[in-house]
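Okay, so here's the structure we're looking at.
The values are calculated or read from the model by the stated rules, or taken from the named source; none is laboratory data. Just so we're clear, the structure is a prediction, and the values are computed from it rather than from any experiment. Using ideal geometry, Cβ is built from the backbone for each residue, glycine included, and neighbour counts are taken over all protein chains shown.
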Amino acid sequence: MFSRYTSWAIALLTMALGLALPWLKTPLIIGLSYGFAALGVALLIRAGQVSFGHAGFTCVAGYAVVVVGRLWPQADALLLLAVGAVTGLIGGAIVGLFMMRYRGIFFGMLNLALSMVLFAALGKFYNLTGGTDGVRLERPPILGQALERAHYESWLLVISAVAVVMICTLMRRFYASPTGVALSALKTNEVRLEYLGISARSVFYRGYIVSATLCGFSGGMFALIQGLVTPELGYWVRSGEYVFIAVLGGTLHPVGAFMGAMAFEFLKLFAASALTGAWQMVIGTVLLLLIFLAPSGLVAWLLRLDRQFMKRTV
Amino acid sequence: MNASMWVLALLDGTTQAALLFLVALGLSLIFGVMRILNVAHGSFYAFGGYAAATVSAWLANGESVPMSVLALLMGALLMGVVLGLILEIGLVRRILTIDPVMQLLATFAVFMIMEDLQRMIWGASPVSVTHAVDAMGTLNVVGVTYTAYQVILLPLAAISVFIALRWSLSHTRFGRQVMAVTHHREVASAMGINAKQVGLLTFCVGAVMGTLGGALASPTTSLVPGIGGDMMVLSFAVVAVAGLGQITGTAVAAVLIGMGKAFAVYLLPELDVLVPYLMMLLVLLWRPQGLFAVDEARRV
């Protein structure tokens, strides 16, 4: 009941906040962009696997968006977002072929290693990637309209809010689909899953592709709002932040990732002023507290509310 | 590439392999007993390096060899035992039974915290204390001038740790207990082994190996933020190539990756950062559990 409408609530709230307080627009869009990537990571956590390298997919998608935007300056922002998602999909389909064989520590560290390779390579090939300075993206038109900055950001905010509702609905369906259910069974017991005649690898492969696609979409959002893509977008600290958001929000329901992302963004706004230079320490400490005190994340409270509501109506 | 460059690459490779071996061995040992991959192990390396540099700056100068080496060892031992005790008692023994995803996240959280702690304590500008290297001078190896510290001391340290560990695991009471707990924690406990105590001691020994790697590396490089993360991934590459928990395998893998990295610097300078990872990916494609791993039964 409550969890069903939380994505709408988040979308409406961010839009209202962003339009009322223009200085909040950019942090809000960035927060939601974090949410998409964190949802991708959360999907894999449901399968019992943590990836410390999914920022790699957002980074590649970001670069792909910039390349397309440069080759074809009239390309619409919506098209560029699609480019990001498709890049993630292709990346996931290729890398997943290899990753679907690994579980647990190996899975986490191989993703980390791959993203570090990408990070190093992006910094090295200066002529192609602009090195650590990154590459700039000219502001693209939205729905065929060339917009100035304020309007452009408002539109992006609306687009990301709509995307939150759509993606939450789609992901809720995916979680309930045979593949989605098999994915969480992967965590419970892979051997038993195979005894049922389901290929654990193919289930995990599909899950990996979906998660990479979400990260790709998030990479597209980052490129559009920041207008700049640097290798930093694929650094392991970024991947760690996605994992953090996924755990903070909880993985029981897709909207958890966005709750986590919003909490994270406001924590960051606060920490930036109060605790400069100790950002990773803040994340690490909160993560440790979460593991011991609230391992199911923020969304668990929402689901508890749901259950109480159900009991009262029955 | 001429003859002297081959020698240079070989020497670089030996140095790298020795350091990698020490750090990776600690990681592997801890995993064997606790069944937890300690992501903060890279930070042990960094903290060991900084601690050794600090102690060296106090005690040693560039003249006395025993004093400067002793300073390094003291720094490593102190830091390793302190970190090991705090982390094992404060965290690791409390997460032995939780969801593996959360275990991995917990040590990752420690890694993030230590990364910032390190910046707060020692700052972000490079730290370099080279007393031990200065004191030992240089050697001429078939026409190539190289520091004696790297040619003699580093391989010697790695080999003696390797022999000492192998011997003590099979010949001492504590070593046999470690082997038993590694094999099967519950059965070992049922036989009367205090698995908790074994865990604490092993964690400290593993941590000291991590800090020792950092301490021995400190006179030859400058310490900057970020070395912990790099070393973590490199030592994981070694452990993954070897198979988790394999001592001799770790030695072979460290030599493979150390040499691979050193030769890449001379042969494929564009790719030197990538070579260790490419080697790891290739090995894992061929043998997903590592080169020397023993097959384990799947528990239903």
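Would you call A:MET259 modelled with pLDDT of 90 or more, touching a Leu at 6+ places or on another chain (Cβ under 6 Å) and of a type in the set (A, V, I, L, M, F, W, C)? Steps first, answer last, please.
Numbers: modelled with pLDDT of 90 or more: yes; touching a Leu at 6+ places or on another chain (Cβ under 6 Å): yes; of a type in the set (A, V, I, L, M, F, W, C): yes.
It is true that A:MET259 is modelled with pLDDT of 90 or more, touching a Leu at 6+ places or on another chain (Cβ under 6 Å) and of a type in the set (A, V, I, L, M, F, W, C).
Please determine whether any residue of region B:204-215 is in contact (Cβ under 8 Å) with a residue 60 or more places away in the chain, under 21 Å from A:MET109 (Cβ atoms) and of a type in the set (A, V, I, L, M).
yes
In this structure, does B:LEU96 turn out to be away from every other protein chain (no Cβ under 14 Å), within 23 Å of the chain's Cα centre (by Cα) and in contact (Cβ under 8 Å) with a residue 40 or more places away in the chain?
Values: away from every other protein chain (no Cβ under 14 Å): no; within 23 Å of the chain's Cα centre (by Cα): yes; in contact (Cβ under 8 Å) with a residue 40 or more places away in the chain: yes.
Criteria not met by B:LEU96.
Given (1) in contact with a Ser or Thr (Cβ under 9 Å, 6 or more places away or on another chain); (2) free of Cβ contacts under 8 Å to residues at least 24 places away in the same chain; (3) within 14 Å of chain A (Cβ to nearest Cβ), identify the lone condition not met by B:LEU59.
Condition not satisfied by B:LEU59: (3).
Restricting region B:219-244 to residues that are surrounded by fewer than 19 Cβ atoms within 10 Å (Cβ to Cβ) and within 12 Å of chain A (Cβ to nearest Cβ), which is nearest to B:ALA24 (Cα to Cα)?
Looking at the filtered set, the residue picked out is B:ASP230.
Name the helices (runs of 4 or more DSSP H) wholly within region A:120-215 that hold at least 2 residues that are farther than 28 Å from A:ILE29 by Cα? Write out each step before concluding.
Values: elements: A:126-129, A:149-176, A:178-188, A:190-195.
The helices (runs of 4 or more DSSP H) meeting that bar are A:126-129, A:178-188, A:190-195.
Can you tell me which residue is farthest from the other protein chains (Cβ to nearest Cβ) among those in region B:114-139 that are polar (S, T, N, Q) and under 25 Å from B:LEU70 (Cα atoms)? Explain how you work it out, then say what you get.
Initially, region B:114-139 is screened for residues polar (S, T, N, Q), giving B:118, B:125, B:128, B:130, B:138.
Now narrow it down to the ones that are under 25 Å from B:LEU70 (Cα atoms): B:118, B:128, B:130, B:138.
On the way: B:GLN118: 10, B:SER128: 22, B:THR130: 27, B:THR138: 31 Å.
Applying the filter and picking the extreme gives B:THR138.
For region B:260-272, which positions are surrounded by fewer than 20 Cβ atoms within 10 Å (Cβ to Cβ) and either within 11 Å of chain A (Cβ to nearest Cβ) or of a type in the set (Lys, Arg) (or both)?
B:PRO269, B:GLU270, B:LEU271, B:ASP272
Output the residue which, of all residues in region A:273-291 that are farther than 29 Å from A:VAL165 by Cα and more than 8 Å from chain B (Cβ to nearest Cβ), is modelled with the highest pLDDT. Walk me through how you get there before you give the answer.
Of the residues in region A:273-291, the ones farther than 29 Å from A:VAL165 by Cα are A:273-282, A:284-285, A:288-289.
Checking which are more than 8 Å from chain B (Cβ to nearest Cβ) leaves us with A:273-276, A:282, A:289.
Details: A:SER273: 73, A:ALA274: 74, A:LEU275: 72, A:THR276: 71, A:VAL282: 87, A:LEU289: 92.
For region A:273-291, the residue satisfying everything is A:LEU289.
If you scan region A:84-104, which residues turn out to be farther than 23 Å from A:ALA223 by Cα and surrounded by fewer than 22 Cβ atoms within 10 Å (Cβ to Cβ)?
Residues of region A:84-104 that are farther than 23 Å from A:ALA223 by Cα, as a first pass: A:96-104.
Correct list: A:GLY96, A:LEU97, A:PHE98, A:MET100, A:ARG101, A:TYR102, A:ARG103, A:GLY104.
Assess whether B:SER222 counts as being in contact with a Pro (Cβ under 7 Å, 6 or more places away or on another chain) and of a type in the set (Gly, Ala, Ser).
Numbers: in contact with a Pro (Cβ under 7 Å, 6 or more places away or on another chain): yes; of a type in the set (Gly, Ala, Ser): yes.
In short, yes.
Between a first residue in region B:156-171 that is in contact (Cβ under 8 Å) with a residue 12 or more places away in the chain and a second residue that is assigned to a helix (DSSP H, G or I) and exposed (fewer than 13 other Cβ atoms within 10 Å of the Cβ), which pairs have beta carbons less than 8 Å apart while being 6 or more apart in sequence or on different chains?
B:ARG166/B:THR248
I need the full set of residues from region B:62-93 which are part of a helix (DSSP H, G or I) and within 14 Å of chain A (Cβ to nearest Cβ), in order please. Steps first, answer last, please.
Residues of region B:62-93 part of a helix (DSSP H, G or I): B:65-90, B:92-93.
Correct list: B:ILE86, B:LEU87, B:GLY90, B:VAL92, B:ARG93.
Being touching a Phe, Trp or Tyr at 6+ places or on another chain (Cβ under 7 Å), of a type outside the set (A, V, I, L, M, F, W, C), under 16 Å from A:TYR63 (Cα atoms) and within 12 Å of chain B (Cβ to nearest Cβ), is that true of even one residue in region A:215-234? It would help to see each step written out before you state the result.
Pass one, region A:215-234, residues touching a Phe, Trp or Tyr at 6+ places or on another chain (Cβ under 7 Å): A:215-219, A:221, A:229, A:231, A:233-234.
Narrowing the set further to residues that are of a type outside the set (A, V, I, L, M, F, W, C) leaves A:216, A:218-219, A:231, A:234.
Within this subset, residues satisfying the condition of being under 16 Å from A:TYR63 (Cα atoms) are A:216, A:218-219, A:231, A:234.
From what is left, the residues that are within 12 Å of chain B (Cβ to nearest Cβ) are none.
There is no residue in region A:215-234 that is touching a Phe, Trp or Tyr at 6+ places or on another chain (Cβ under 7 Å), of a type outside the set (A, V, I, L, M, F, W, C), under 16 Å from A:TYR63 (Cα atoms) and within 12 Å of chain B (Cβ to nearest Cβ).
Confirm whether A:SER154 is surrounded by fewer than 20 Cβ atoms within 10 Å (Cβ to Cβ), hydroxyl-bearing (Ser, Thr, Tyr) and more than 14 Å from every other protein chain (Cβ to nearest Cβ). Can you show your working first?
Details: surrounded by fewer than 20 Cβ atoms within 10 Å (Cβ to Cβ): yes; hydroxyl-bearing (Ser, Thr, Tyr): yes; more than 14 Å from every other protein chain (Cβ to nearest Cβ): yes.
For A:SER154, the condition - surrounded by fewer than 20 Cβ atoms within 10 Å (Cβ to Cβ), hydroxyl-bearing (Ser, Thr, Tyr) and more than 14 Å from every other protein chain (Cβ to nearest Cβ) - is met.
Could you check region A:1-83 for helices (runs of 4 or more DSSP H) lying wholly inside it with 1 or more residues that are surrounded by fewer than 24 Cβ atoms within 10 Å (Cβ to Cβ) and free of Cβ contacts under 8 Å to residues at least 12 places away in the same chain? Reasoning before the result, please.
Values: elements: A:2-20, A:25-46, A:55-71.
Fully inside region A:1-83 and qualifying: A:2-20, A:55-71.
Within region B:179-203, track down each residue that is of a type in the set (A, V, I, L, M), without any contact (Cβ under 8 Å) to a residue 60 or more places away in the chain and in contact with a helix residue (DSSP H, G or I) (Cβ under 9 Å, 6 or more places away or on another chain). Write out each step before concluding.
Quick first cut of region B:179-203, residues of a type in the set (A, V, I, L, M) only: B:179-181, B:187-188, B:190-191, B:193, B:195, B:198, B:200-201.
Narrowing the set further to residues that are without any contact (Cβ under 8 Å) to a residue 60 or more places away in the chain leaves B:179-180, B:187-188, B:190-191, B:193, B:195, B:201.
Result: B:MET179, B:ALA180, B:VAL187, B:ALA188, B:MET191, B:ILE193, B:ALA195, B:LEU201.
Name the residue, out of B:THR97, B:THR15, B:THR54, that is out of contact with any strand residue (DSSP E or B) (no Cβ under 8 Å at 6 or more places or on another chain), within 25 Å of B:LEU156 (Cβ to Cβ) and surrounded by fewer than 21 Cβ atoms within 10 Å (Cβ to Cβ). Walk me through how you get there before you give the answer.
Working: B:THR97 fails: within 25 Å of B:LEU156 (Cβ to Cβ); B:THR15 fails: surrounded by fewer than 21 Cβ atoms within 10 Å (Cβ to Cβ).
Exactly one residue qualifies, and that residue is B:THR54.
With the requirement that a residue be of a type outside the set (Gly, Ala, Ser) and more than 27 Å from A:GLY56 (Cα to Cα), what does region A:191-214 give you?
Step one: filter region A:191-214 for residues of a type outside the set (Gly, Ala, Ser), giving A:191-196, A:198, A:201, A:203-206, A:208-210, A:213-214.
Answer for region A:191-214, where residues must be of a type outside the set (Gly, Ala, Ser) and more than 27 Å from A:GLY56 (Cα to Cα): A:VAL191, A:ARG192, A:LEU193, A:GLU194, A:TYR195, A:LEU196, A:ILE198.
Got a number for residues in region A:262-290 being in a helix (DSSP H, G or I) and more than 17 Å from A:PHE52 (Cα to Cα)? Working first, answer last.
So in region A:262-290, the residues in a helix (DSSP H, G or I) come out as A:262-274, A:279-290.
Next, only the ones that are more than 17 Å from A:PHE52 (Cα to Cα) stay: A:262-274, A:279, A:281-282, A:285-286, A:289-290.
Counting residues in region A:262-290 that are in a helix (DSSP H, G or I) and more than 17 Å from A:PHE52 (Cα to Cα) gives 20.
Out of region A:208-239, which residues are surrounded by fewer than 22 Cβ atoms within 10 Å (Cβ to Cβ) and small (Gly, Ala, Ser)?
A:GLY227
Return only the number of the condition from (1) under 30 Å from A:SER177 (Cα atoms); (2) surrounded by fewer than 18 Cβ atoms within 10 Å (Cβ to Cβ) that A:PHE264 does not satisfy.
Only one criterion is unmet by A:PHE264, namely (2).
Do you know which of the residues in region A:291-300 that are in contact with a Gly (Cβ under 8 Å, 6 or more places away or on another chain) and not in a loop (DSSP other than H, G, I, E, B) is surrounded by the fewest Cβ atoms within 10 Å (Cβ to Cβ)?
My answer is A:ALA300.
Which condition number in (1) surrounded by fewer than 16 Cβ atoms within 10 Å (Cβ to Cβ); (2) within 17 Å of B:LEU37 (Cα to Cα) is the one that B:LEU105 fails?
(1)
For B:GLN197, state whether it is over 16 Å from the mean Cα position of the chain (by Cα) and within 14 Å of chain A (Cβ to nearest Cβ).
Details: over 16 Å from the mean Cα position of the chain (by Cα): yes; within 14 Å of chain A (Cβ to nearest Cβ): no.
So B:GLN197 does not fit the description; no.
For region A:109-131, name all the residues that are within 11 Å of chain B (Cβ to nearest Cβ) and among the hydroxyl-bearing types (Ser, Thr, Tyr).
If the condition is that a residue be within 11 Å of chain B (Cβ to nearest Cβ) and among the hydroxyl-bearing types (Ser, Thr, Tyr), then A:SER115 is the only one that fits.
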